[in-house]
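The values are calculated or read from the model by the stated rules, or taken from the named source; none is laboratory data. Values in this document were obtained by computation on a predicted structure and should not be read as measured data. No Cβ is skipped: glycine too gets one built from the backbone with ideal geometry, and neighbour counts run over all protein chains shown.
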Amino acid sequence: MTEHPHLNKNHMTNTHILVNDFAYFEPATVEEAIELLLQVETGAYLIAGGTQLLIQMKMERDAPQALISLNKIPGLDDIYLNDQGELEIGACAGIHTLRHHPLVRADYLALSQACESFGSSQIEIMATLGGNLCTASPASDTVPALLVFDAELVIVGPQGERRLPAAAFTHGPGRVDLRKGEILTKIILPTPPKDSTSAFHKMVRVVADLAKASMAIMLTKDGDRISECRLAYGSVAPVVLRLPEVENMLRGQLVTDDLLAMAGRKAGESISPIDDIRSTAWYRRQVVDVMTQDAVRLLWESGPGKANGSMAEGITSHPNGNEPLSSNGKGTHLHLQRGERRAVELTVNGVHRRLEVAPHDLLLNVLRDQLHLTGTKYGCGIGECSACTVHVDGKPALSCLMLAVSAHGKEVVTIEGLQKPNGELDPIQEAFIEEGAYQCGYCTPGIVMTVKGLLKETSRPSEADLRDYLKGNRCRCTGYTSIVRAVMASLEKTQTGEPM
């Protein structure tokens, strides 16, 4: 195995990367979580999706003494309209859920599109909105959208509840306004102005990458003039930021090429970008200039609700129909001290299993080492290749970024679970063989499991849907043409009733 340049040899074996040992708690209420935060004097971290935290731990940038999971607290993944017509989103609501949620797509399209731009379908499913906010990355995809909708955050702590604008929450990279014992519990989106429309735009090097620059825009017309315009930008300053001077320049104005050119130039001058591995400061200024002009023009010409369709229009969406992995699971809450091992119960490929695990054991390692289900592959170890994809409660998940203890009470399916008892392969597996959609085959199990996840959401995906859903799966042998051909051929046979 090739060593990751950021990882210490002492934390590696020949099959997997370990994270530091820690205590693990699953409180049943927000109040219990707050009490645990106060009891653990130092090094207590909250975890929901864990897609960022576990990577930081593997890279030895964080070494928490305790993890407090929010995944078993009822209501933290709810999405609903309150009595004032505002959209209330629980902090543990999944990114994938928000992307396809009809309430979000109807009135907060920029947020849906921001969720669509996440690095992989697996990360979308596992990650949460609250986690994306609390990471406080200047390149956050969801925060620009939250800022243009004037989102308000609900924070609960030892002194009770307080609220603050989303724009005031982040103080710098990795720094947020959370005091000792406090937890972000809810995001509230006010009703958008009548006849408004919104969009999210992102410039990247390659698909499934962090932004070179991004922006969210909300625009409202009044006859032939702009009555309201809000602009927020990511990856161009230490924090995601609104540009009120540019907004004021556009409000009340007729849309002309000269106006857009001035607004774009002002936006480029108003940011404070840096040179980094993804781009240069100069280029980011140019991108923001052009992006601003194009975004305003597009929304102005398209009208409310017509500006930007999803890349995955065929995917079925229902209220709370795409629950994140962080939604409330089955089983007894777990409290494990450092060094302690405890039995967890889960169903793997239809068989009930009782396994002894430590708090820091990863699901990938347990599947491979204890159950010898080696079809689930170890690749990058940091959620970038998706070779370790399994299904958890019916949804694709990265087993290298999931703690085994968090799978307690859940149903897990690996690539071995697709084969029928008589040895017959799944139709997608057969199609991969017929179309030669693999070479070394190392990435193939993860790709097949990801495809099966898509087919659970929609029985007739388009090629665009398929390519978008597979954007986080890496294959360095075949390219993707034969993979896409195999899946589409399988679907065609299924729909025409041909035998596989």
Query - Set Gly436, Gly446, Gly453, Gly472: member being over 17 Å from Ile415 (Cα atoms), in contact (Cβ under 8 Å) with a residue 24 or more places away in the chain, of a type in the set (Gly, Ala, Ser) and surrounded by 17 or more Cβ atoms within 10 Å (Cβ to Cβ) - result: Gly472
**Report entry** Hey, Ala145 touching a Gly at 6+ places or on another chain (Cβ under 9 Å) and either in the same structural domain as Gly472 (by TED's automatic domain parsing) or part of a helix (DSSP H, G or I) (or both) or not
**Finding:** no
Requested in this report: Please identify the pairs in which a residue from the stretch 274-297 that is over 20 Å from Met249 (Cβ atoms) has its Cβ atom under 7 Å from the Cβ atom of a residue that is assigned to a helix (DSSP H, G or I) and of a type outside the set (Ser, Thr, Tyr), counting only partners at least 6 apart or on another chain.
Outcome: Ile274/Ala281; Asp275/Ala281
Query raised in the report: Do we find a residue being among the aliphatic types (A, V, I, L, M) and closer than 25 Å to Ile68 by Cα anywhere in the stretch 370-386?
Result: yes
Query raised in the report: Restricting attention to the stretch 406-433, which residues are of a type in the set (A, V, I, L, M), in contact (Cβ under 8 Å) with a residue 24 or more places away in the chain and over 17 Å from Leu373 (Cβ atoms)?
Result: Ile428, Ala431
**Report entry** Only one of Leu398, Leu371 that is surrounded by fewer than 20 Cβ atoms within 10 Å (Cβ to Cβ) and modelled with pLDDT of 95 or more
**Finding:** Leu371
Query - Pair list, Cβ under 6 Å, 6 or more apart: the stretch 14-34 residue farther than 29 Å from Lys377 by Cβ and not assigned by TED's automatic domain parsing to the domain that holds Ala44, other residue at pLDDT 95 or above and buried (at least 18 other Cβ atoms within 10 Å of the Cβ) - result: none
Report task. Would you mind finding the one in Gly160, Gly172 that is surrounded by fewer than 18 Cβ atoms within 10 Å (Cβ to Cβ) and without any contact (Cβ under 8 Å) to a residue 60 or more places away in the chain? Result -> Gly160
Query raised in the report: Does the stretch 381-394 contain any residue that is assigned by TED's automatic domain parsing to the domain that holds Met488 and of a type in the set (Val, Ile, Thr)?
Result: no
Report summary line: Of the candidates Ala232, Ala237, Ala211, the one satisfying the condition of being among the aliphatic types (A, V, I, L, M), under 19 Å from Cys134 (Cα atoms) and touching a Leu at 6+ places or on another chain (Cβ under 6 Å) is Ala232
Report task. Look at the stretch 79-119 and say how many of its residues are in a loop (DSSP other than H, G, I, E, B) and closer than 20 Å to Pro144 by Cβ. Result -> 8
Report summary line: Counting only residues that are closer than 15 Å to Gly379 by Cα and not in a loop (DSSP other than H, G, I, E, B), the stretch 429-448 contains a total of 4
Query raised in the report: How many residues are surrounded by 16 or more Cβ atoms within 10 Å (Cβ to Cβ) and outside any helix (DSSP H, G or I) if we restrict to the stretch 256-273?
Result: 2
Query - Where a residue in the stretch 226-251 is without any contact (Cβ under 8 Å) to a residue 40 or more places away in the chain and under 24 Å from Asp276 (Cβ atoms) and its partner, wherever it lies, is polar (S, T, N, Q) and surrounded by fewer than 24 Cβ atoms within 10 Å (Cβ to Cβ), with Cβ under 7 Å and at least six apart - result: Leu243/Ser270
